[in-house]
Each structure stands twice: as structure tokens, then as C-alpha cells.
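These notes are about the structure you will find just below.
The values are calculated or read from the model by the stated rules, or taken from the named source; none is laboratory data. Here the structure is a predicted model, which means the values were calculated and not measured. Cβ coordinates were reconstructed from backbone atoms using ideal geometry, including for glycine residues, and neighbour counts include every protein chain displayed. These area figures cover heavy atoms from the full protein model, side chains too; ligands, DNA and RNA do not enter into them. Shrake-Rupley method; radii C 1.70, N 1.55, O 1.52, S 1.80 Å.
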Amino acid sequence: MSATRLPAALAPWAGSLSALSPELALALGPLLRHLDQLVGAREPVTDGPWEPDGTGGIGRSGRPEQLLPAEWLLAEEHPDEFLRRFVDRELLYLAPEFRSTVTRGRTVALVDAGPSQAGAGRLVQLAALLVLHRRATARGSELLVGVLGDPPGRWLSGEPADLLPSWLAARRSAEPTAEQVGEATADLDAADRVWLLTSPRLADGLPGLPAGSAPDPAGACGAPRVLATEVARWGPAGATHVTVRLDRTQLELPLPASDIAVRALRGAEFRRNGPALVPTPADAGPPGRAVPAFTTDATVLLTRGRHDGVLLATDVRLTEQRHAAVTRTKAHRLNGQVIAAGRTGRRLFALHLHKGRVLRYVSGRQVGGAAEFVVDPAFLGLDATVAEALASRPVLPLLCSGDDLLVPVAGRWRRIAPDGAVTDDGPVDKRAEGPHGFERYREPKLFERALLPGEQLARHLVHAGGTAAWSEDGRRWYVRTRLGEDRRLSFRENAQVVGLVHDQREPVLITWSPDSRMVRAIRYNSTRTLSRFSGGTAPPAVHPTEPLIASEFSPGRVAVGDATTGRIHHVIGSNE
């Protein structure tokens, strides 16, 4: 089957199980759920109480001292109305913010690939790796897998689709030793959470960890948590149940049926494409199609409407209001599919595809030259395949260059003269062609200064407001600010950088994790989770010059706010 709907109990596992065939995903379900409960008590997703960090918005509940001053004024002037609002929960309170003071270490799994773990033990390891990967992602961390017997420092990492085949291919003819466990943990960070997936033989032989003892509650690298597995029951076709021991807890768990288990151990049930689908709730709306975008330096957010040809424009400039406000959105109805758009001064320009022609749309002040021009889509590199891909992505930027318009289509910049003549203006930088479409914050052509050699040759590049950040591995970033100052920013989460903003003088990287869909603001000395902008089906939009972020948190509803504090300024909703 190319797409199978998972039962409701496995719905939270849809992302991780996309690396497995639908049949294996269903067969591993009972083992996954039991291991998740067993591991959950020792591997919490959250880091406990967080430290207060001021206020971050407005809420409808809180302590009396958190009431807004306006509410106290209402209590003095109109006490009856104040009491009514109190009873109906309409009073407004300052909502507190919190930040974590705990260092987020990696989750490290050391696996026993020796003969004693062949068969049933490897199936338990498979389920345990999925459990640990999901929990590490939810914590904003990553999972590293080390095979006992490999040289120290050799780790397997990445998404399950890439990680699991490499893990399965790692088979050793000799049983691992306690010395190899010590070598593997010697160079790990103190904050790393270490797990050992092995047999009772090695678990009972570890120094300082007698049978049944509990390791360091923090899971420090010197005392890993040990998940020991051995066969408990056999049937005519092979092992049917295993005994899994963790600390002083011991459970007997069922294994998948022998036929699907054998195929899994041969690697025939792994896949790299086609995610497992979760049943859509009956009351769920259609998938989000707004795909917000800031295409120019103007504080105008452009989103797609429900129907082709509807372009929604919302001015989201910063206001003095300290609570979320509903803004007015203007709908521009064009013929055919909207390809690109941009606000420049008092004009909104757009290109739309209608009946095999590309037309120009202008809203606002009149422009010189022809009132309307027609362009052959072939001159823009706009064939049917490209147009279909653009329909589900944010609208492309349409920039003014003198009297001409510039638009990046199909890997090339196209310059459109006032009379509709099209010329090639050079290639789009390969770093700006992302999986979700053109990413203007990565395009060197749009940077306001010449790139330095290190910036120009780096594998990853983002820029905004005169500041450039570059990286070779996507996690350790070098930053040259607009004032000439150097910074180093880094994170361990498997995340994409989706923008760069400034908190006064300090640069801040905005990241988005495809797995957990968490959005975070990365500074040189701290990390803030922007929970109000997390959970979207696509990366959020980040403004190129202002600390603004926009995310479609539910179909047809977009939140816009401060990318450095996570405070919501506007909530945009439209029936269009």
C-alpha cells in the first residue's frame, strides 16, 4: 500500500513511522507503546520547572497582581461591570513567560550488534530507537546511535529513514565488552542522555551497575541507562515474547509475527518515501494553504486565498498595542493562478497566469507605460510542472528594479521591462532553492553588501538587515553583524534556519524543526521556544528587515508577532 491510515493510538508516531512500511508500523505498535511508557518515566520530554522570564502576552486567567491596570480602573469606576467580567472570565491578565535553565543534551543510544541480540533483540532495538528519536525531537535535541565495537566518535544520526538502514547493517560477530561501553562514553558531554541497548549478559557485567541497580537519574555518560532484552517465550515459528528489563522494572512484551519480523530484519520493510497517514478528524478543516510570505521590505504579509487568483494582503506593521489584535485584510481577486507579488511604496504588483498567458496586476498608484502587458510563460521558464509546484508554495517575490520587475522562476532571475519584454538576469543561488520554494533570505543577490570569501563559499547562508550568517554543517553558524561584530551561534536540534532577525544589536537565528514543528529563536547565549508560532504545517515566514514572524497555526488563520519574544501582535483570519 502506498498510503495506510494508522490507528488513533499510533497517530503521534506518524512522523517516525514514515520510515517503515505500513505493515511493519502496525505490527510494531504494541511494542512501541509499551516501551514508550517504560522509557517515559526516565526520559522526560520537558526539563521540569522553568525560570520566570517576564511577561509574554495577555491571558484570561492569572493572579490579582497580574491584572492589567485598565481592569483595576474599571473596578474603581464600574464595580458591577468588573464583577460581571470576573464571573464570565473576561478580565485580562499579563501572561508570564518562562525560560529553561537546563542544558539540553543529546540523546545517545549505544547498541549491541553482537550475536546474542540477533533476531528478537534487534526488533526491540528498532522500537527503542524510534521511541528515543521521537522523545529527543520533542525536547529539541537529536539522537546519536553508536555501535559497540566501532571506533570512538563514530556516530549514526539523522532522520529514521536514513538512520535505521545504517543501524541494521551494523552486525558484529563478537559480543561487546564493558570496556567498549566505557570507550564509547568517554568523550560524551556531561549533559548527554545515554542509553545502552543490550543483553542481560553485558548489562550484569558492567562495573558499578550490579543486576537490578538503577543508574544515575540524569543518565550521565558515565552511567548509561540499560535496556536489557532476552527471549521469554517461543512458538512454532520462533520467538513470540521478550523480557525487557530497565532498572528494577521488568516486562514481558509481544513481538511482531514471524513473517513481518523476518522481513524487517532483512531491511525489506524500510522505506524512504511516502509518509504514513493519520486519520483526519471529522471536525478538522482543510490543509493550510495560506502559506504566508514577506516578499519585500514592506510590512505587508501576502497569503494565498482558498481559490486560485485570490491574493490576501495584510499590513502587519508594529503597533503600540500589547495584546493580539485582529487586522483588516484586503483581498485582491485576479484571473488565474497568482505566481509572484510584492508591495513597493504605495503599489502592490502581482503576476498571474491566466489561459496560457502571464499578466501584470497593479493595485495603488498608476504606473508609467502600458496599463497591462502580456508575457509568454515560456519566457519566464514557467511550464505546467513549475506552475503546479508553485501553487502550493508561498508566492514568489516580485521586486522593482528601476522601472523593471524582477522575479525568480525555475532557478533563474527574470527581468520584465515596462513593455513586457523579458530578459535573463542570472541564476538563482542554489542555496536559495529550498524544499518549500524560493527562500529570499538565502539569496546573495538580495544582500545589501558584497559577500566576504567565507560567506560566499559556505554551504549554508542566511542574511537580513546587513547581517550575514554562514555555516558548513547547518548547526554551527558564524555571524558578521551589520556593525562589523562577530558572533557564534549554534544548536543541536535537527532543524532548518528559516530566517535571521535582530534583537536590538544582537543577531537571532529563527529555526524550524520538520519533525516536532517547533520554532525557536537562537541567540549566542540562550534559546527561546516560540510556542505560539510552532505546530504549523510549513515553516513560518520571517520578515527580511523587521523582527516579524508569521505562521499559519490552523487552516486559514495566521498569527503574526515578534520573532524575538514570541509575542503575538496580530491574528489574521479570512473567509477568502
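Close amide H partners of Glu230, meaning residues 5 or more places away or on another chain with modelled amide H under 5 Å apart, are Thr243. Per-residue ellipticity at 222 nm for the chain, helices alone: DSSP H runs ≥ 4 residues times -39500 (n - 2.57), over residue total, nearest 500 deg cm²/dmol? Only helices count here, giving -5000 deg cm²/dmol. For Ala75 and Val571, a Förster radius of 30 Å and the Cβ-Cβ distance give a FRET efficiency of 0.60, rounded to the nearest 0.05.
Of the three principal axes defined by the Cα atoms of the range 339-427, the extents in descending order read 34, 25, 24 Å.
The modelled label-to-label distance between Ser258 and Asp403, using points 7 Å beyond Cα along the C-beta direction, is 8.2 nm. Remark: the range 551-568, residue by residue, has Karplus-estimated 3J(HN,Hα) of 9, 7, 7, 8, x, x, 10, 10, 9, 10, x, 7, 6, 9, 10, x, 6, 7 Hz, where x stands for each Gly or Pro and the curve is 6.51 cos²θ - 1.76 cosθ + 1.60 at θ = phi - 60°. Just to be sure I understand the curve: with the Debye formula and one point per C-alpha of the chain, what is log10 I(q)/I(0) at q = 0.05, 0.06, 0.08 Å⁻¹? For the requested q values the scattering log ratios are -0.27, -0.39, -0.67. Maximal additional length on extending the Ser363-Arg347 stretch stands at 5.2 nm, based on 0.36 nm per residue less the C-alpha distance.
Derived scalar couplings between HN and Hα for the range 462-474 equal 9, 8, 5, x, x, 9, 10, 10, 9, 7, 9, 10, x Hz in order, rounded to whole Hz, by the Karplus curve 6.51 cos²θ - 1.76 cosθ + 1.60 (θ = phi - 60°), x for Gly and Pro.
Counted residue by residue at 0.36 nm each, then reduced by the alpha carbon distance between them, the extension gain from Ser166 to Leu83 reaches 23.5 nm.
If R0 is taken as 60 Å, the Cβ-Cβ distance between Asp503 and Asp376 corresponds to a FRET efficiency of 0.85. Note on the chain: with neighbouring protein chains present and a 1.4 Å probe, carbon and sulfur make up 51 percent of its accessible heavy-atom surface. Here Ala268 and Glu388 are evaluated by their C-beta separation; at R0 = 35 Å the FRET efficiency comes out at 0.60. Amide H contacts of Ser490 (H built 1.01 Å from N, in plane; Pro and chain starts excluded): Trp477 sit under 5 Å, all sequence-distant by 5 or more or on other chains.
Our summary gives the chain a relative contact order of 11 percent, counting only alpha carbon pairs under 8 angstrom and 6 or more residues apart. Candidate cross-link partners of Lys445 among the lysines, defined by an alpha-carbon separation under 17 Å and a same-chain spacing of 8 or more, comprise Lys430. The Cα-based radius of gyration of the range 80-182, divided by its Kirkwood radius, gives an Rg/Rh of 1.37. Here the label points at Asp424 and Arg201, each 7 Å from Cα along the C-beta direction, are separated by 6.5 nm in the simple model. Using a simple spin-label model with pseudo-atoms 7 Å out from Cα toward Cβ, Arg33 and Arg488 lie 4.7 nm apart. What the phi angles of the range 64-80 give under the Karplus curve with 6.51, -1.76 and 1.60, with θ = phi - 60°, is a coupling list of x, 5, 8, 5, 5, x, 5, 6, 5, 5, 5, 5, 6, 7, 9, x, 5 Hz, glycine and proline written as x.
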